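Read-outs throughout are calculated quantities, based only on the coordinates presented, and are distinct from any laboratory measurement. Predicted model, so just to flag it, every value in this text is computed and none were measured. Cβ placement follows ideal geometry from the backbone for every residue including glycine, while neighbour counts extend to all protein chains displayed.
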Amino acid sequence: AQKITQTQPGMFVQEKEAVTLDCTYDTSDPSYGLFWYKQPSSGEMIFLIYQGSYDQQNATEGRYSLNFQKARKSANLVISASQLGDSAMYFCAMREKGFQKLVFGTGTRLLVSP
Amino acid sequence: DAGVIQSPRHEVTEMGQEVTLRCKPISGHDYLFWYRQTMMRGLELLIYFNNNVPIDDSGMPEDRFSAKMPNASFSTLKIQPSEPRDSAVYFCASSLAATDTQYFGPGTRLTVL
């Protein structure tokens, strides 16, 4: 069963606008962590933001915020004030308690236009 | 502080040759992970170590793949013999603790002709 689902293969946004990248997950474990990574065309995987399942507040890191809706099992990434350098692939990932491996979604390619 | 270091960044080899990928984790990190990224399968975990000991190698595709971590600052992933279907980007990642964020290296792009 797919544990992480990213339904948007590609997204387009204009510079300075906000964009939301969707991520839904599936787990029966009450303790888990959700991550977003950015992969620019150069290929490296850059950690952006983390949300723990017991965290009361949505995570924020600069222009990145995570819209965590536990009941709906969604963990959408919101990028505010998009910049040209935000153009990249974005991966949502989950780690369940007791397991060290990250399970990744298929990714969303974001293109920011001037 | 230096991040995760991988070498080589690119490797082109012929089918049947031995390939060795190298990784230096972030200093002080106790966990080291090897992932593979392909178009067909996305990102998948191959193996991970805790304090230099392999913990879970269930993701290693077959016996042609082996990984070692002789000390806390070095790990290798070896493919012998290599096949064209092994062509992928191989990432090494490390984390401070079991529940900590995994930080990735720049990856090694392997092409097997």
With criteria (1) more than 11 Å from the chain's Cα centre (by Cα); (2) facing chain A (nearest Cβ under 10 Å); (3) over 19 Å from B:Ser73 (Cα atoms), B:Leu45 comes up short on (1)
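Residue-by-condition table, conditions (1) touching a Phe, Trp or Tyr at 6+ places or on another chain (Cβ under 8 Å); (2) surrounded by 15 or more Cβ atoms within 10 Å (Cβ to Cβ); (3) farther than 16 Å from B:Phe104 by Cβ:
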residue: A:Gly43; (1), (2), (3): no, yes, no
residue: A:Arg63; (1), (2), (3): no, no, yes
residue: A:Leu66; (1), (2), (3): yes, yes, yes
residue: A:Lys70; (1), (2), (3): no, no, yes
residue: A:Gly85; (1), (2), (3): no, no, yes
Have a look at B:Asp86, B:Asp56 and point out the one that is within 13 Å of another protein chain (Cβ to nearest Cβ) and either closer than 28 Å to A:Thr106 by Cβ or not hydroxyl-bearing (Ser, Thr, Tyr) (or both).
B:Asp56
List the residue pairs whose Cβ atoms are under 6 Å apart, where the first residue sits in segment A:34-57 and is over 18 Å from A:Gln100 (Cα atoms), the second is of a type in the set (A, V, I, L, M), and the two are 6 or more positions apart or on different chains.
A:Lys38/A:Ile46; A:Lys38/A:Leu48; A:Lys38/A:Ala88; A:Gln39/A:Met45; A:Gln39/A:Ala88; A:Gln39/A:Met89; A:Pro40/A:Ala88
Residues located in segment A:89-114, provided they are out of contact with any Lys or Arg (no Cβ under 7 Å at 6 or more places or on another chain), buried (at least 20 other Cβ atoms within 10 Å of the Cβ) and either under 13 Å from B:Gln37 (Cβ atoms) or aromatic (Phe, Trp, Tyr) (or both)
A:Phe91, A:Ala93, A:Phe104, A:Gly105, A:Gly107
Counting only residues that are within 12 Å of chain A (Cβ to nearest Cβ) and of a type in the set (S, T, N, Q), how many does segment B:20-37 have?
1
Those residues of segment B:89-107 which are of a type in the set (Ser, Thr, Tyr) and either more than 10 Å from chain A (Cβ to nearest Cβ) or assigned to a strand (DSSP E or B) (or both), in sequence order
B:Tyr90, B:Ser94, B:Ser95, B:Tyr103
Quick one: is B:Leu110 touching a Leu at 6+ places or on another chain (Cβ under 9 Å), at the interface with another protein chain (Cβ under 8 Å from one of its Cβ atoms) and not in a loop (DSSP other than H, G, I, E, B)?
no
By residue number, the members of segment B:56-66 that are buried (at least 16 other Cβ atoms within 10 Å of the Cβ) and in a strand (DSSP E or B) are B:Asp56, B:Phe65
Hey, does segment A:29-40 have a residue that's buried (at least 17 other Cβ atoms within 10 Å of the Cβ) and among the polar types (S, T, N, Q)?
yes
With the checklist (1) farther than 30 Å from B:Pro8 by Cβ; (2) away from chain B (no Cβ under 14 Å) in hand, flag the one item A:Gln51 doesn't pass.
(2)
So which residues in segment A:88-114 are farther than 27 Å from B:Ala97 by Cβ and either of a type in the set (A, V, I, L, M) or within 10 Å of chain B (Cβ to nearest Cβ) (or both), if there are any at all?
A:Ala88, A:Met89, A:Thr106, A:Leu110, A:Leu111, A:Val112
Go through the residues of segment A:18-32 one by one and say whether even a single one is among the aliphatic types (A, V, I, L, M), within 11 Å of chain B (Cβ to nearest Cβ) and in contact with a Phe, Trp or Tyr (Cβ under 6 Å, 6 or more places away or on another chain).
no
Out of all the residues in segment B:27-54, which are hydrophobic (A, V, I, L, M, F, W, C), part of a strand (DSSP E or B) and more than 13 Å from A:Val103 (Cβ to Cβ)?
B:Leu32, B:Trp34, B:Leu46, B:Ile47, B:Phe49, B:Val53
